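The values are calculated or read from the model by the stated rules, or taken from the named source; none is laboratory data. Everything quoted here is computed from the prediction, not taken from an experiment. Virtual Cβ from ideal backbone geometry, glycine too; neighbours counted across all protein chains shown. With ligands, DNA and RNA removed, areas are computed over all heavy atoms of the protein, side chains included. Shrake-Rupley method; radii C 1.70, N 1.55, O 1.52, S 1.80 Å.
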Amino acid sequence: SFGLVAEINGKVSGIVHYSFQTSTWAPNNYCYLEDLFVDPAVRSKGAGRALIDELHKIAAAKGSKRLYWTTAPDNETARKLYDKVAITDRVQYKIII
């Protein structure tokens, strides 16, 4: 697992946590963005977009076939950003244990 931070005026304002996963369907890997958090006081100032953009560069440099993540359907704040930078073409199924 790896992480990045975003700073605004020298203060940590956001974080991203990610990992690379092997896949039967890709010759190299997929990059999974596990957590993205931006301080509510500075949302809509570009920190989240900057973190995703930087992770996109890292994933491409590592040869990742895909950078992906999930979010809750009612996470409207995050989805406003996600809908600008990515497409959604999957349905997630899970078993809660």
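Expected output is a single nm value to one decimal: the length gained when fully extending between residue 62 and residue 17, i.e. 0.36 nm times separation in residues minus the C-alpha distance. What is it? Write out the running numbers ahead of the final one.
Working: separation 45, 0.36 × 45 = 16.20 nm, distance 1.59 nm.
The span from residue 62 to residue 17 would gain 14.6 nm if fully extended.
Using a 1.4 Å probe and ignoring any ligands, DNA or RNA, find the accessible area of residue 5 and quote it in Å² to the nearest 10.
Approximately 90 Å² of residue 5 is accessible to the 1.4 Å probe.
Enumerate by residue number the trypsin sites (Lys or Arg not before Pro) in region 65-97 meeting two conditions: DSSP loop (anything except H, G, I, E, B), and at most 13 other Cβ atoms within 10 Å of the site's Cβ. Walk me through the numbers before you get to the answer.
On the way: sites: 65, 66, 79, 80, 84, 90, 94; in loops: 90, 94.
Of the trypsin sites (Lys or Arg not before Pro), the ones in loops of region 65-97 whose Cβ has at most 13 other Cβ atoms within 10 Å are 90, 94.
Rolling a 1.4 angstrom probe over the protein heavy atoms, how many square angstrom per residue are accessible across the chain? Present the calculation step by step, with values, prior to reporting the outcome.
Details: 7360 Å² over 97 residues.
On a per-residue basis, the chain sits at 76 Å².
Take the solvent-accessible surface of the protein heavy atoms, probe 1.4 Å, and return the percent of it on the chain that carbon and sulfur atoms account for.
Carbon with sulfur: 52 percent of the solvent-accessible area.
For residue 72 paired with residue 84, estimate the spin-label separation in nm (one decimal), with each label point 7 Å from Cα along the Cα-to-Cβ line.
2.3 nm
Go through region 58-95 and name the chymotrypsin sites (Phe, Trp or Tyr not before Pro) that are in a DSSP coil and have 16 or fewer other Cβ atoms within 10 Å of their Cβ. All intermediate terms of the calculation are to be shown ahead of the outcome.
On the way: sites: 68, 69, 82, 93; in loops: 69, 93.
When the chymotrypsin sites (Phe, Trp or Tyr not before Pro) of region 58-95 are filtered for loop state and at most 16 Cβ neighbours within 10 Å, 93 remain.
Classify region 51-97 as rounded, prolate or oblate from the Cα gyration tensor: take a ≥ b ≥ c as the square roots of its eigenvalues, call it rounded if a/c is under 1.5, otherwise prolate when a/b beats b/c and oblate if not.
oblate
Near residue 18, within a Cβ-to-Cβ distance under 11 Å, what is the net charge of the other residues, with Lys and Arg +1 and Asp and Glu -1?
Details: positive: 62; negative: 34, 35, 54.
For residues surrounding residue 18, the net value is -2.
Using alpha carbons only, how many degrees (0 to 90, rounded to 10) separate the axis of helix 47-61 from the longest principal axis of the chain?
Result, in degrees: 30.
Express the relative contact order of the chain as a whole percentage, based on alpha carbon pairs under 8 Å and six or more residues apart in sequence. Walk me through the numbers before you get to the answer.
Numbers: 121 pairs, mean separation 22.2, N = 97.
So the answer I get is 23 percent.
In sequence order, what are the phi-derived ³J(HN,Hα) couplings for region 66-72 according to the Karplus relation 6.51 cos²θ - 1.76 cosθ + 1.60 with θ = phi - 60°, rounded to whole Hz, with x for glycine and proline?
For region 66-72, the Karplus curve yields 8, 10, 9, 7, 10, 8, 6 Hz.
With a/c under 1.5 counting as rounded, go ahead and sort the chain into rounded, prolate or oblate using the C-alpha gyration tensor (a ≥ b ≥ c being the square roots of the eigenvalues; past the cut-off, prolate if a/b is larger than b/c, else oblate).
Working: a/c = 1.92, a/b = 1.33, b/c = 1.45.
Judged from the Cα gyration tensor, the chain comes out oblate (a/c at least 1.5, b/c at or above a/b).
If you fit an axis through the alpha-carbon atoms of helix 76-85 and take the longest principal axis of the Cα set of the chain, what angle between them do you get, 0 to 90°, nearest 10?
Computed tilt is about 60 degrees.
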